[in-house]
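The values are calculated or read from the model by the stated rules, or taken from the named source; none is laboratory data. Just so we're clear, the structure is a prediction, and the values are computed from it rather than from any experiment. Counting neighbours? That spans all protein chains shown, and the Cβs are built from the backbone with ideal geometry, glycine included. Areas reflect the complete protein model, heavy atoms only, side chains present, ligands, DNA and RNA absent. Shrake-Rupley method; radii C 1.70, N 1.55, O 1.52, S 1.80 Å.
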Amino acid sequence: GAVVSQHPSRVICKSGTSVKIECRSLDFQATTMFWYRQFPKQSLMLMATSNEGSKATYEQGVEKDKFLINHASLTLSTLTVTSAHPEDSSFYICSAGDGYGYTFGSGTRLTVV
Amino acid sequence: DAKTTQPPSMDCAEGRAANLPCNHSTISGNEYVYWYRQIHSQGPQYIIHGLKNNETNEMASLIITEDRKSSTLILPHATLRDTAVYYCIVRLSPLSGNKLVFGAGTILRVKS
């Protein structure tokens, strides 16, 4: 079946630095990818829709200058958390449409210290 | 906002069928119902989806009412490994970006 690879699985960074998370569709092309954030014991919250070759669409309340999304090819989308702060610590998950359903990555646990 | 409501938790005996209900009374005609599950600290796993007709695959069955206002996911023979959070999701229409907006989900505990 379709596979979405997300990297890194875990990252710890210092407050004020930036972190990039990669999301790759391994065996299919994805014109659209989605980015979610999940806090402990909560559901997934949609952050933005990443469209290949165009600007991302952000959900209400999500700061586009803080969460930079780039979808440079049909198999790669990246999320950069800029000037990270401890409150940005969360589980970030991407997903991609494979023409049948939506496949999710395994997630990235970000801890900002 | 999510268009689905689910019970917060359910228990099921190992080997028995698990029936997980979902209400989606505001679903539109071209919006699909998707089911995913999530085991702690992993990405959601696709289970099944449908539009109007009942669907079955190797994992589960999806029963959608005729008026499409509710559905039930059936795991025919639950095992301990089926313990997870189950999300019923209405995929928004193409005009709304085909997004999957998650609700709170149901915590299913399968007990031996």
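In summary, B:Thr56 fulfils each of the numbered conditions (1) within 14 Å of chain A (Cβ to nearest Cβ); (2) modelled with pLDDT of 95 or more; (3) out of contact with any Phe, Trp or Tyr (no Cβ under 6 Å at 6 or more places or on another chain); (4) under 28 Å from A:Ala30 (Cα atoms) with the single exception of condition (1). Screening A:Pro86, A:Pro40 for residues that are over 14 Å from B:Pro44 (Cα atoms), touching a Phe, Trp or Tyr at 6+ places or on another chain (Cβ under 9 Å) and open to solvent by 40 Å² or more (accessible area, probe 1.4 Å) leaves exactly one candidate, A:Pro40. Taking region B:85-107 as the range and being open to solvent by 10 Å² or more (accessible area, probe 1.4 Å), hydrophobic (A, V, I, L, M, F, W, C) and part of a strand (DSSP E or B) as the test, the residues that pass are B:Val85, B:Ile107.
Note on region B:6-22: residues that are more than 13 Å from B:Leu75 (Cα to Cα) and crowded, with 17+ Cβ neighbours inside 10 Å amount to 2.
Every condition in (1) at negative phi; (2) without any contact (Cβ under 8 Å) to a residue 60 or more places away in the chain holds for A:Gly53 except the one numbered (1).
Look at A:Leu26 and say whether it is open to solvent by less than 70 Å² (accessible area, probe 1.4 Å) and farther than 17 Å from A:Leu110 by Cβ. Considered against the rule, which asks whether it is open to solvent by less than 70 Å² (accessible area, probe 1.4 Å) and farther than 17 Å from A:Leu110 by Cβ, A:Leu26 comes out as no. Scanning region A:48-82 for residues that are surrounded by fewer than 13 Cβ atoms within 10 Å (Cβ to Cβ), small (Gly, Ala, Ser) and more than 14 Å from chain B (Cβ to nearest Cβ) turns up A:Gly53, A:Ala72.
Screening A:Ser95 with (1) surrounded by fewer than 17 Cβ atoms within 10 Å (Cβ to Cβ); (2) touching a residue at least 60 places away in the same chain (Cβ under 8 Å) gives one miss only, at (1).
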